[in-house]
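Reviewing the structure listed below.
The values are calculated or read from the model by the stated rules, or taken from the named source; none is laboratory data. On a predicted model such as this, the values are computed, not experimentally measured, just so you know. Don't worry about glycine lacking a Cβ; one is built from the backbone with ideal geometry, like all the others, and counts go over all protein chains shown. SASA here: full protein model, heavy atoms, side chains in, ligands and nucleic acids out. Shrake-Rupley method; radii C 1.70, N 1.55, O 1.52, S 1.80 Å.
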Amino acid sequence: MAKLLDLLNERVVLGDGATGTYLYELGVPLNHCLEELNVTRPELLTRVYQEYADAGAQVIETNSFGANRLRLARYGLEHQVSEINWRAAQVVKAALKGRDVFVGGSVGPLSLRPADGEISADDKKALFREQIGALLDGGCDLIFLETFTALDELLLALNVFQNLTNIPVVTSLGVSEEGRLVSGETFPEAVKILQAAGADIVGINGTCGPQACLHLLSKLAVAEGDLLSVFPNAGKPEFYEGRFNYAASAEYFAATLPRLVEEGARLIGGDYGTRPEHIAAMAPILRELKPVRVKKLSTTATRPRVETSEPEIKTTAREEETSILNQLKQKHVCIVELDSPKTLSMDKFLAGAKALKKAGAAAITLADNSLAILRVSNFAAAIRVREEVGLTSLIHLACRDRNLLGLQSEIMGLGTLGFRHVLALTGDPAKVGDHPGATSVYDLNSVGLIKLLAGMNRGVNAVGRPLNGQTKFIIGCAFNPNALNFDSQVKKLESKLAAGAQYVMTQPVFDLDLARHTVARLKPLGVPVFLGVMPLLSSRNAEFLHNEVPGIKIAEPLRERLRQCADDPAATRIGLEVAREVRDVALEAFGGVYLITPFLRYEVSVELMG
């Protein structure tokens with residue numbers, strides 16, 4: 001199969017266009033598993049492949065981009081990985097039998113979701129090995145590792161590939177228009193790393209239209225022997241009447257082809273929104289083009305600064321929030337959760353914040369619609385607390401209610417307003433709250449959110465795009481000591497700390513032995529820990545928390561003590577007694593404590609701070 005590499009060294013080779021978006025145009029429902037069509041509708045795929053081959057494509061990819069065990073599990077097809085990928089290759093080979101066309105096995109990123117949990121590098125390798133191995137068994141001539149937005153995952157997949165075969169491999173990056181990966185590397189940096197790692201062909205696909213691809217390729221020098229690929233999208237999509245429509249015409253695509261070749265591309269096709277007519281328009285032009293073997297980067301003169309008469313805008317510097325972690329080095333620190341109200345009335349909430357400040361709270365923590373119950377925005381509440389109380393806010397951020405775009409917008413807003421303390425949470429599912437018909441988003445889980453916050457502290461957003469500044473977030477993460485498997489929770493915590501978390505806040509602990517055990521396990525991690533302390537107010541309160549609130553467990557002996565109380569005030573006294581014991585353990589071990597105020601009863605938290 002050195003034939004393909006020899007061919008690429010001689011001339012420019014034409015790839016195919018999109019499979020997925022074209023299948024949607026042909027009537028496949030948007031929510032259908034495209035990879036399942038290899039088994040259930042091979043005749044439809046045969047039509048697509050033959051149309052691309054008739055249009056002039058010399059390399060045609062299999063319909064297997066998302067055919068890894070994780071993605072297929074979303075459709076209940078996780079046990080058909082080998083069959084689906086083997087069939088993916090066989091359908092192409094059968095459709096194009098007798099034609100001089102190369103079959104490329106398409107392999108996409110794993111695209112982990114919160115529900116998938118934490119997956120080790122070895123497990124990820126096993127997932128890639130299963131898919132790539134089945135494509136090889138099906139007879140693929142080369143493998144496309146494509147649309148990867150994180151370089152580390154692509155390098156891992158490349159390593160798996162190299163241990164299985166020596167056929168050619170295309171490593172293709174999903175890069176932002178500004179030229180950065182989600183993992184932070186610039187496009188030129190990533191290309192050099194992939195070439196050094198042994199990738200035969202390196203390129204871009206899946207994220208940019210022709211003009212942006214041209215811009216990205218212009219940033220690369222080309223040395224003798226370098227093989228670059230580019231598969232642009234047909235512009236940006238418009239969603240109309242249940243379909244994504246792409247505007248870039250076949251003629252427009254063909255017109256950009258010579259410029260792509262001038263920038264060093266050797267393997268050129270199309271991605272999202274392209275159809276056989278795009279490939280057909282490119283084919284006759286491509287036959288006349290000769291590859292560029294060496295390209296040096298051009299240097300452009302620096303533009304002279306243009307003086308303007310616009311008045312200078314002066315801004316008043318905002319006083320930076322004092323880090324609660326720095327305060328820990330000097331004194332005991334008490335942070336107190338006070339939920340924003342469920343109605344528009346803020347009076348009791350603000351009165352509570354003032355009382356807590358007077359009692360010595362270092363910060364008030366504001367939950368993000370905890371338990372999926374509607375409350376006033378914690379962002380808005382934080383602004384009111386800063387303006388009217390003068391107290392630091394520690395803002396919880398949950399992944400449930402905002403997609404990746406909305407989360408980043410919220411985070412950038414927090415940064416521009418000078419808020420620094422955040423707690424990254426996955427968030428309780430919407431169906432458990434008071435709006436069960438609401439949709440849970442979960443584009444990220446807590447680890448992904450921590451990585452996002454850490455990236456913004458470095459000055460880049462989720463797709464590696466520079467922010468023209470850096471946030472200064474002090475990033476917290478959650479830990480649940482009440483879980484059945486304590487060791488598993490510690491492992492999850494270690495992954496959060498590795499992602500960039502700087503301190504830990506725990507679920508409330510109601511047992512002195514559990515508090516001591518938590519201290520013994522978490523203190524060696526060497527990070528600040530704020531142990532959760534929540535005073536119980538009554539037996540009914542305890543039973544509700546134990547039986548109906550995720551992440552909270554209260555030992556039977558304590559619940560029995562509360563049952564024996566004659567009235568709620570007697571139960572509250574016991575609740576406060578236990579809370580003080582746990583508080584003292586936390587302060588002695590870590591110097592800080594996290595008080596959780598029940599039902600806006602801030603006077604109880606004030607008493608615990610005394």
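Within a Cβ distance under 10 Å of Thr471, other residues only, what is the Lys/Arg minus Asp/Glu net charge?
Values: positive: Arg420, Arg458, Lys472; negative: none.
Value of the local net charge: +3.
Using each residue's phi in segment 83-91, evaluate 6.51 cos²θ - 1.76 cosθ + 1.60 at θ = phi - 60° and report the 3J(HN,Hα) Karplus result to the nearest Hz, with x for Gly and Pro.
Each residue's phi maps through the Karplus curve to give 5, 5, 6, 4, 5, 4, 5, 5, 5 Hz.
What does the accessible area of Asp513 come to, in Å² to the nearest 10, when a probe of 1.4 Å is used?
Probe radius 1.4 Å; accessible area of Asp513 about 110 Å².
Where a Cα-Cα gap under 16 Å defines reach, which aspartates and glutamates qualify for Lys451, not counting those fewer than 8 residues away within the same chain?
Cα-Cα hits under 16 Å: Glu118, Asp152, Glu153, Glu185, Glu410, Asp443, Glu494.
By the gyration tensor of its Cα atoms, with a ≥ b ≥ c the square roots of the eigenvalues, what is the shape of segment 32-73: rounded for a/c under 1.5, prolate for a/b over b/c, or oblate?
Oblate shape, in that a/c is at least 1.5 and b/c is the bigger or equal ratio.
Expressed in whole Å with the largest first, what are the equivalent ellipsoid semi-axes of segment 522-567 derived from the C-alpha gyration tensor as the square root of 5 times each eigenvalue? Intermediate results must be reported in sequence, preceding the final value.
Values: eigenvalues 149, 26, 18 Å².
Over the Cα atoms of segment 522-567, the ellipsoid semi-axes are 27, 11, 9 Å.
Among the aspartates and glutamates, which have Cα under 17 Å from the Cα of Lys296 when same-chain residues fewer than 8 positions away are ignored?
Glu189, Glu224, Asp226, Glu262, Glu263
Per the helix-only calculation at 222 nm, which mean residue ellipticity applies to the chain, given -39500 (n - 2.57) for every DSSP H run of n ≥ 4 and division by its residues, nearest 500 deg cm²/dmol?
Result for the chain, helices only: -12500 deg cm²/dmol.
Asp137 to Lys523: FRET efficiency via 1/(1 + (r/R0)^6), r the Cβ-Cβ distance, R0 45 Å, to the nearest 0.05?
Plugging the Cβ-Cβ distance into 1/(1 + (r/R0)^6) gives 0.30.
Just the accessible area for Cys399, please: 1.4 Å probe, Å², rounded to the nearest 10?
0 Å²
Within the chain, what whole-number % of the accessible surface is contributed by carbon and sulfur, with the 1.4 Å probe and all protein chains included in the calculation?
The value for the chain is 51 percent carbon and sulfur by accessible area.
Once the other residues with Cβ under 14 Å from the Cβ of Glu577 are scored (Lys, Arg +1; Asp, Glu -1), what is the net sum?
Result for the local shell: 0.
Using a Debye calculation, one point per C-alpha and no hydration shell, please list log10 I(q)/I(0) for segment 449-577 at q = 0.14, 0.16, 0.18 Å⁻¹ in order.
The calculated log intensity ratios at q = 0.14, 0.16, 0.18 Å⁻¹ are -0.71, -0.83, -0.95.
Identify all lysines with a Cα-Cα distance to Lys93 below 24 Å; exclude those on the same chain that are fewer than 8 residues away in sequence.
Lys3
Does segment 429-498 come out rounded, prolate or oblate, given a ≥ b ≥ c as the square roots of the eigenvalues of its C-alpha gyration tensor, rounded meaning a/c under 1.5 and, failing that, prolate meaning a/b above b/c?
It comes out oblate by the Cα gyration axes.
So how do Thr439, Thr471 rank on accessible area, 1.4 Å probe, biggest first, that is with the largest at the start?
Values: Thr439 110, Thr471 25 Å².
The ordering from most to least exposed comes out as Thr439, Thr471.
Kindly write out, for segment 537-551 in residue order, the coupling ³J(HN,Hα) from the Karplus curve 6.51 cos²θ - 1.76 cosθ + 1.60 (θ = phi - 60°), rounded to whole Hz, with x marking Gly and Pro.
These are the phi-based 3J(HN,Hα) values: 9, 6, 5, 4, 4, 5, 5, 4, 4, 5, 9, 10, 10, x, x Hz.
Give me the number: length gained by fully extending Glu10 to Leu164, i.e. 0.36 nm times residue separation minus the C-alpha to C-alpha distance, one decimal in nm.
My answer for the length gained is 52.7 nm.
Just one of (1) 87, 58, 46; (2) 76, 69, 46; (3) 89, 67, 47 is Cα extents along the principal axes in Å as worked out from the coordinates here. Which one is it?
Looking at Cα extents along the principal axes in Å for this model, the match is (3).
How far apart, in nm, are the 7 Å Cα→Cβ label points at Tyr75 and Lys472?
Rounded to a tenth, the inter-label distance reads 5.0 nm.
How charged is the neighbourhood of Ser82? Take every other residue with its Cβ under 12 Å from the Cβ of Ser82, and add Lys/Arg as +1 and Asp/Glu as -1.
So the environment of Ser82 carries a net charge of -1.
For the ranges 504-511, 350-357, 529-536, 193-200, what's the packing order if you count other beta-carbon atoms within 10 Å of each residue, average per peptide, and put the highest first?
In decreasing order of mean packing, 504-511, 350-357, 529-536, 193-200 become 529-536, 504-511, 350-357, 193-200.
Counting just the Cα atoms, what span does segment 541-610 cover along each of its three principal axes? Round to the nearest Å and put the largest first.
Between the extreme Cα coordinates on each principal axis of segment 541-610 lie 33, 25, 22 Å.
Taking the Cα centre of segment 1-135 as the origin, how large is its charge dipole in debye, to the nearest 20, when only Lys and Arg (+1) and Asp and Glu (-1) carry charge on their Cβ atoms?
With only Lys, Arg, Asp and Glu charged at Cβ, the dipole is about 140 debye.
In what sequence, largest accessible area first, do His278, His32 appear using a 1.4 Å probe?
Largest accessible area first, the residues go His32, His278.
Using label points projected 7 Å from each Cα along Cα→Cβ, tell me how many nm separate Ser409 and Arg293, to one decimal.
5.2 nm
Using only alpha carbons, build the gyration tensor for segment 356-501 and give me the equivalent ellipsoid semi-axes, biggest first, whole Å. Mind dumping the intermediate values first?
Details: eigenvalues 96, 84, 61 Å².
Here the semi-axes work out to 22, 21, 17 Å.
Suppose a student asked you for the relative contact order of the chain, using Cα pairs under 8 Å spaced at least 6 residues apart; what percent would you report? Mind dumping the intermediate values first?
Values: 1164 pairs, mean separation 67.1, N = 610.
It rounds to 11 percent for the chain.
Give me the percent relative contact order of segment 1-133, please, defined on Cα pairs under 8 angstrom at least 6 residues apart.
The value is 27 percent.
Taking a probe of 1.4 Å, how large is the accessible area per residue of segment 354-422, in Å²?
36 Å²
Calculate the spin-label point distance for Ala498 paired with Gln211, positioning each point 7 Å from the Cα along the beta-carbon direction, and give it in nanometres.
4.2 nm
Under a 1.4 Å probe, what is the accessible area of segment 430-483 per residue, stated in Å²?
That works out to 44 Å² for each residue.
Subtracting the Cα-Cα distance from 0.36 nm times the residue separation, let me have the gained length for Lys3 to Ala351 in nm, one decimal.
Taking 0.36 nm per residue and subtracting the Cα distance, the gain is 117.6 nm.
Rounded to the nearest 0.05, what FRET efficiency do Phe486 and Val28 give with R0 = 51 Å and r taken as the Cβ-Cβ distance? Could you check? Don't jump to the answer; show the numbers that get you there.
Values: r = 46 Å, r/R0 = 0.91.
The calculated FRET efficiency here is 0.65.
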